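Read the structure below first, then the notes.
The values are calculated or read from the model by the stated rules, or taken from the named source; none is laboratory data. As the structure is a prediction and not an experimental result, all values here were calculated from the model. Cβ sites come from the backbone with ideal geometry, for glycine too, and all protein chains shown count toward neighbours.
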Amino acid sequence: MRALVAAGLLLASAACSTPPPGGNAPSKAPPPQGLKVEEVATGFEHGWDVGFRKDGSILVTERPGRLKLVKNGRVTPVDIDLTDVKAQGEGGLMGLVVHPDDQRFTVCYNTVSDVRLVTFRLDGTKATKTKDLVTGMPSNPSGRHSGCRPTLAPDGTMFVATGDIAQGRNPQDRTSLGGKVLRIDAETGEGAKDNPFAQSANANERRVYTYGHRNVQGVVVRPDSGQVFSSEHGPDVDDEVNLLKAGANYGWDPSRGGTQGGYDESVPMTDLKRFPDAVPAVWSSGSPTEAICQPAFWHGKLAVTALKGAKLLLFTLDAQGKVQNVSIPDQLDNKYGRLRAARTAPDGSLYLTTSNGSDDKLLRLTGDV
C-alpha cells in the first residue's frame, strides 16, 4: 500500500503513513494483507452508480442510458423507458439511489433540455416511472460538468451532488441548481424544511445545502457523526474533498463576480480573497489532479475512487473530520483502470465500478484496510 500526504499527493514509503501538513506523524503500520478484490460481474459500459436491494440484487446504471440488475453474478437488463436520456460527453444516465421501501429507486440523467431526478418502481426486472422528482437542473449540450449523484441521509432526506455545467455564474447563483450540493425531500423533491435557505421565495434556493462548487461527484454521510463529505473535480489542479457545512460557500467562481462572461478556470477552487468566509477543502490534490469520483465510508475510512488516477484513495480522518493520512491499496492502484462508483453494501463490503468504456467491471472489496 502506498501512502500519501494529506495534500499535494506527494508519494511516501510503502510501509507507513505520512503526516499531513502541520499534523503529527501517525504510527507506522504494515500495509494490509487481507484486502480482497472480487470481480462480481463484467460487460458494463461506463458503470456510473450502484444500488443495493434487500434480496441481494444490485442495480447498476450505465452512462449510455441502460440499467442492469446483478444477482449471483448474473447480469439482467432492466425493462425501463429511458428514451429521454441524452448521453453526450460526461452526461447521460448517472447517479442512482434505492429508497428504503426497496421498490423505488431514483436516478439522475441528462435530457435534451435539462438534468433531472426521476423516481421509478421496480417489479421483477421491469421498472415503471412514478415521479419526476426534480427537473430543470442546468445541462450543457456537450455534457460537460454534468455530475449528478443522489444519496439518502439517515434522516430520510436526499443529498444531490451537481456540476456547474461549465457556466461561470452557476456556482455562486443560489437560484441555479448547478455547482451545488442540494438537500431535498426524497418524496416531493422540494427543499428540506430545515435547509439553510428554507425561507427563500425561490424554490431552487430552498433546495440548496452548499454552493460555490465546480463539479461535485458524490456526497456521503459519516456514520454515527452527522458529518457530510463531498468529492469534487478541480480544473488542472486541486481536486477537493470537502466537509460540508449547511449554507456555506465553497469558493468556486469562474465568473469572477460576474465580471467574466466565459468560464475562467484560472481562479482558485476556493477563492478566499474574493470570499473570505469560503470553506477550504479538508484535502486537495494539488497538481496533478486525480479526477476523484465517488466517496464512501468503509471500515472507518473515507474511500474515494479516482478516474484519471485509476486508483482508490483511503483517507484516515480524526473525529473533527480532518485528514490524518491518505493511502492507496496496491490492489487498486492502476490495476483496473478508471474507477467511478463507490458504495458500501449492507454486509459491509465495498462495491466499485470501473469506467473504461468497454467490458467495465463491478468489483467487491472485502478484508482488511
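Test Leu117 against the criterion of being part of a strand (DSSP E or B) and either surrounded by fewer than 22 Cβ atoms within 10 Å (Cβ to Cβ) or over 21 Å from the mean Cα position of the chain (by Cα) (or both), and give yes or no.
Values: part of a strand (DSSP E or B): yes; either surrounded by fewer than 22 Cβ atoms within 10 Å (Cβ to Cβ) or over 21 Å from the mean Cα position of the chain (by Cα) (or both): no.
Criteria not met by Leu117.
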Open item on the list: Need pairs with beta-carbon distance below 7 Å; first residue within 13 Å of Asp81 (Cβ to Cβ) and within region 107-120, second acidic (Asp, Glu) and not in a strand (DSSP E or B); sequence gap 6+ or separate chains.
Closed with: Thr111/Asp84
TODO: Filter region 296-323 for residues that are assigned to a loop (DSSP other than H, G, I, E, B) and not acidic (Asp, Glu) and give the result.
DONE: His299, Gly300, Leu307, Lys308, Gly309, Ala310, Ala319, Gln320, Gly321, Lys322
Open item on the list: Report every pair of residues separated by at least 6 positions or lying on different chains whose Cβ atoms are under 7 Å apart, first residue within region 123-135 and on the phi < 0 side of the Ramachandran plot and modelled with pLDDT of 95 or more, second exposed (fewer than 14 other Cβ atoms within 10 Å of the Cβ) and among the β-branched types (Val, Ile, Thr).
Closed with: Thr125/Thr76
TODO: Inspect region 137-147 for any residue being assigned to a strand (DSSP E or B), touching a Phe, Trp or Tyr at 6+ places or on another chain (Cβ under 9 Å) and within 19 Å of Arg63 (Cβ to Cβ) and give the result as yes or no.
DONE: no
Open item on the list: Is it the case, given these coordinates, that Gly95 is closer than 19 Å to Leu352 by Cα and surrounded by 21 or more Cβ atoms within 10 Å (Cβ to Cβ)?
Closed with: yes
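Going through Asn204, Asn242, Asn195 one at a time, which residue ends up being buried (at least 17 other Cβ atoms within 10 Å of the Cβ), more than 19 Å from the chain's Cα centre (by Cα) and not in a loop (DSSP other than H, G, I, E, B)? Give the steps one after another, and end with the answer.
Details: Asn242 fails: more than 19 Å from the chain's Cα centre (by Cα); Asn195 fails: not in a loop (DSSP other than H, G, I, E, B).
Selected residue: Asn204, the only one of Asn204, Asn242, Asn195 that is buried (at least 17 other Cβ atoms within 10 Å of the Cβ), more than 19 Å from the chain's Cα centre (by Cα) and not in a loop (DSSP other than H, G, I, E, B).
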Open item on the list: Suppose we keep only residues that are within 19 Å of the chain's Cα centre (by Cα) and in a loop (DSSP other than H, G, I, E, B) within region 270-285. Which one would you say is surrounded by the most Cβ atoms within 10 Å (Cβ to Cβ)?
Closed with: Ser285
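Considering only residues that are hydroxyl-bearing (Ser, Thr, Tyr) and in contact with a Phe, Trp or Tyr (Cβ under 6 Å, 6 or more places away or on another chain), which ones fall in region 313-352? Walk me through how you get there before you give the answer.
Step one: filter region 313-352 for residues hydroxyl-bearing (Ser, Thr, Tyr), giving 316, 327, 336, 344, 349, 351.
Within region 313-352, Thr344 is the sole residue that qualifies.
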Open item on the list: Condition first: part of a loop (DSSP other than H, G, I, E, B), among the polar types (S, T, N, Q) and over 21 Å from Ala296 (Cα atoms). Can you find one or more residues in region 86-96 that meet it?
Closed with: yes
TODO: For region 13-44, name all the residues that are surrounded by 15 or more Cβ atoms within 10 Å (Cβ to Cβ) and at pLDDT 50 or above.
DONE: Pro32, Leu35, Val37, Val40, Ala41, Phe44
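Would region 144-152 turn up any residue that is surrounded by fewer than 20 Cβ atoms within 10 Å (Cβ to Cβ) and farther than 20 Å from Pro295 by Cα?
Restricting attention to region 144-152, the residues satisfying the condition of being surrounded by fewer than 20 Cβ atoms within 10 Å (Cβ to Cβ) are 144, 152.
Still in the running and farther than 20 Å from Pro295 by Cα: 144.
There is at least one residue in region 144-152 that is surrounded by fewer than 20 Cβ atoms within 10 Å (Cβ to Cβ) and farther than 20 Å from Pro295 by Cα.
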- [ ] Taking only region 282-303 into account, find how many residues are of a type in the set (Gly, Ala, Ser), within 14 Å of Val220 (Cα to Cα) and in contact with a strand residue (DSSP E or B) (Cβ under 6 Å, 6 or more places away or on another chain).
- [x] 2
Open item on the list: Only one of Gly156, Gly147, Gly168 is touching a strand residue (DSSP E or B) at 6+ places or on another chain (Cβ under 8 Å) and of a type outside the set (A, V, I, L, M). Can you tell me which?
Closed with: Gly147
Task: Residues located in region 245-269, provided they are touching a residue at least 40 places away in the same chain (Cβ under 8 Å) and either buried (at least 18 other Cβ atoms within 10 Å of the Cβ) or among the polar types (S, T, N, Q) (or both) - done: Asn249, Tyr250, Trp252, Asp253, Pro254, Ser255, Gln260, Tyr263, Met269
